[in-house]
Amino acid sequence: MTGSARFSTRLSRWCAAAVCGLLAAPLGAPAALADAARDRQWHLRALDVADAHRISQGAGVVVAVVDTGVRADHKDLTGNILPGVDVTGAGTDGRQDTNGHGTAMAGLIAGHGHGPGNADGVLGIAPEAKILPVRSSRTKVGAGDDLPRAIREAVRRKARVLSLSLAAGAGEALKQAVEEAQAADIILVAAVGNRPDDAFVAYPAAYPGVLAVGASGRDGKIAPISVTGDKVGLVAPGVDIASTSRTGAYQVSDGTSDATAIVAGAAALVRAKYPELSAAEVIHRLTATATDRGPRGHDPEYGHGVLNLVEALTADVAPAGAQPSTRPSPTGEATSPGVALPPPGDGSTGVKLSPAAYALGGLCLLVVLAGAGVLGWLLVRARRRRGGTGPPRSDHPSPVGPAVGGRHPGPPPGYPAAPPYSSDPRPAPPYAPGPAAAPPYRSGPPAAPGGYPSGYGPPGQAPPGPGYPPPG
């Protein structure tokens, strides 16, 4: 076979193989893409979702998703999307999405996957919960005049959890709608907002009683996109999050919207596990069991910490009213009900002591008093000793000159007499050395008959000694 013939044969084989590959690719692509979507859901492993699902999967809980609508026929969502409502005037029941944001949030909350054992595709945090789509926007994620009405529709349709992956400004109508939802015992979970579009915690997340959610990354640290502030309740994964798409395939996104949907799913798990808990107690359980990050306690970045699903479902958590709040409220506004509040009263914080404490305090006081008494006695004793053994005190400390009002005592025996007092300012000359000092005073032997003991004279007369003239 010539070289040109061999080349033609190989070329035909290569072309045939390429054609077969192109024909086979569409058949294998959906399964491979679905598997890749589940593998890419890193937050499922970070949150130990498999362990959490052994305890609760959110059965019987309706989660209202106020967003751009939801594509109900996505293979990972079929059967979990209820007929909802469209407040934009488009005339749909909420099961339509021309933007894709709402479909992604629904997948994070209640996606159940597909295929054998539902092992493929997107898995949500609460795969047995139901989604109530409330379409409040057609093309732009956010809120306008339709948001208060959308919240009221969710209340009217008996939702148990309200997921608000959006940011809006404050308004009286919005505030009233939020309060109506809280009065209906609905858990409100809202996004804090994304940088750089939002500089402060957005509304409705900033309203009291709403669980404000920030975003964390794969490393568990706060995501740069997440807005921070004193209103942050907790954070959840919000970076590189895979979920369902309005096209029927999958998408990946970043932001506090994704974190909010994940926490809304967590609220559904807790509500299904503890149906007797109020909305405020569910929020408290989520914040009280969060894994603390950053500065100890509540802080502006992580709030109470990173969402901990298994702890939220299993930990022994005291009621919110039984624990003091650790969340600072520098603005004076009410804090989230997820934070325990102090018991009602007059605000006093009096301290009550036990009888043992009083007894211990009295004993300590006695020891102190006894020690003070012993110290005082020692000081007095030391002072008396110094007074009895030291030189005699004189009313005139000056060693020169006669005593005022009396005769200055003379020098001891054996020393020359001191020179007479003079007003000369020059210092007096020192005493000349003399013989050894006389022996100390003693009573001596008895006097001889008719005389005096040796060295003694009549009463009133100084004893003679060197340097003194004889008596006469």
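What the Cα atoms of region 170-296 give is an Rg and a Dmax of 14.8, 44 Å. At full extension, A59 and Q176 could sit 39.1 nm farther apart than now, given 0.36 nm per residue minus the alpha carbon distance.
Taking amide H as placed 1.01 Å from N in the peptide plane, G233 has its amide H under 5 Å from the amide H of A212, V213, G214, each at least 5 places away in sequence or on another chain. Placing a pseudo-label 7 Å from each Cα along the Cα-to-Cβ vector at A249 and A370 gives an inter-label distance of 8.8 nm. Taken one residue at a time, the phi angles of region 125-139 give Karplus couplings (6.51, -1.76, 1.60, θ = phi - 60°) of 5, 10, x, 9, 7, 10, 9, 9, x, 10, 7, 10, 8, 8, 10 Hz. Gly and Pro are set to x. Taking θ as phi - 60° and the Karplus parameters 6.51, -1.76 and 1.60, the scalar couplings of region 59-64 work out to 4, x, 9, 9, 10, 7 Hz in sequence order, x denoting glycine and proline.
For region 223-279, a crude dipole built from +1 on the beta carbon of Lys and Arg and -1 on the beta carbon of Asp and Glu, taken about the Cα centre, is about 180 debye to the nearest 20. A full extension of the chain between A90 and D197 corresponds to an added length of 35.7 nm, given 0.36 nm per residue minus the alpha carbon distance. Charge tally around Q96: other residues with Cβ under 13 Å, Lys/Arg +1 each, Asp/Glu -1 each, net 0.
Within the straight-line cut-off of under 18 Å between alpha carbons, the aspartates and glutamates reachable from K221 are D48, D230, D240, D254, D258, D292, D299, E301, sequence neighbours fewer than 8 places apart in one chain being disregarded. Put simply, region 45-109 fits an ellipsoid with semi-axes of 26, 12, 10 Å; these come from the alpha carbon gyration tensor as the roots of five times its eigenvalues, largest first.
Where does the charge balance sit around K130 when Lys and Arg score +1, Asp and Glu -1, over other residues with C-beta under 13 Å from its C-beta? The answer is +4.
Just so you know, all these numbers are worked out from the coordinates, no wet-lab data involved. Remember, it's a predicted structure, so these values are computed and weren't measured experimentally. Please note: Cβ atoms are built from the backbone with ideal geometry, for glycine as well, and neighbour counts cover all protein chains shown.
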